[in-house]
1. If you go through the stretch 87-94 one residue at a time, do you hit one that is surrounded by fewer than 19 Cβ atoms within 10 Å (Cβ to Cβ), hydroxyl-bearing (Ser, Thr, Tyr), over 19 Å from residue 21 (Cβ atoms) and under 15 Å from the mean Cα position of the chain (by Cα)?
2. Any idea which residue in the stretch 51-71 is surrounded by the most Cβ atoms within 10 Å (Cβ to Cβ), counting only those that are farther than 17 Å from residue 83 by Cβ and among the β-branched types (Val, Ile, Thr)?
3. Within the stretch 21-30, can one find any residue that is within 13 Å of residue 107 (Cα to Cα), touching a strand residue (DSSP E or B) at 6+ places or on another chain (Cβ under 9 Å), among the β-branched types (Val, Ile, Thr) and not in a loop (DSSP other than H, G, I, E, B)?
4. Give the stretch 4-20 a look and list any residue that's of a type outside the set (S, T, N, Q), in contact (Cβ under 8 Å) with a residue 12 or more places away in the chain and more than 17 Å from residue 107 (Cβ to Cβ), or say none.
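None of the figures in this text is laboratory data; all of them are computed from the coordinates on show. The structure displayed is predicted, hence computed values, not measured ones. Neighbour counts are summed over all protein chains in view; Cβ atoms, including those assigned to glycine, are modelled from backbone coordinates with ideal geometry.
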Amino acid sequence: MARGINKVILVGNLGDDPETKYTQGGMAVTSASLATTSVRKDREGNSQERTEWHRLKFFGKVAEIAGEYLRKGSQVYVEGSIRYDEFTGQDGQKRYYTDIIVDQMQMLGGRGDGGGGGSRGERGGDRPQRSAPPQRQPQESAPRRDTAPASRDFGDDFADDDIPF
């Protein structure tokens, strides 16, 4: 196998509102920052939090969706790859930065969190979105049933691969 794997999966909260720009060809490019926080216990048993900040870059349709629906504080699941770049500043100093190039994105949290709903990137359409079955409205001619169903049937095709963590 001559190829390597460059894949990153992150779940976190946006640190600012996404910024969308368009290329001369009309393709959307959206940038955002994402915070991921981990908690561990130190030797004394005290909880220690560590927050890492990630620069996200979205392209194409997923960039348009991210720019329209994501807001500061939105919880989001992203899949993509790591890209390292450098540039020379006006002062002649070389600067290095790391971007996460997002291929797939899933908005998490409720609508009040700026999340809700869901969207996959352009290459992410291979997994169907899951939702609860629609509620049926009782018809007047049908007999009324007062018993509640024991459980809902969401189908047997649910796989562990559909869980983002």
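1. There is no residue in the stretch 87-94 that is surrounded by fewer than 19 Cβ atoms within 10 Å (Cβ to Cβ), hydroxyl-bearing (Ser, Thr, Tyr), over 19 Å from residue 21 (Cβ atoms) and under 15 Å from the mean Cα position of the chain (by Cα).
2. Selected residue: 65.
3. For the stretch 21-30, residues within 13 Å of residue 107 (Cα to Cα), touching a strand residue (DSSP E or B) at 6+ places or on another chain (Cβ under 9 Å), among the β-branched types (Val, Ile, Thr) and not in a loop (DSSP other than H, G, I, E, B): absent.
4. Of everything in the stretch 4-20, those that are of a type outside the set (S, T, N, Q), in contact (Cβ under 8 Å) with a residue 12 or more places away in the chain and more than 17 Å from residue 107 (Cβ to Cβ) turn out to be 7, 8, 19.
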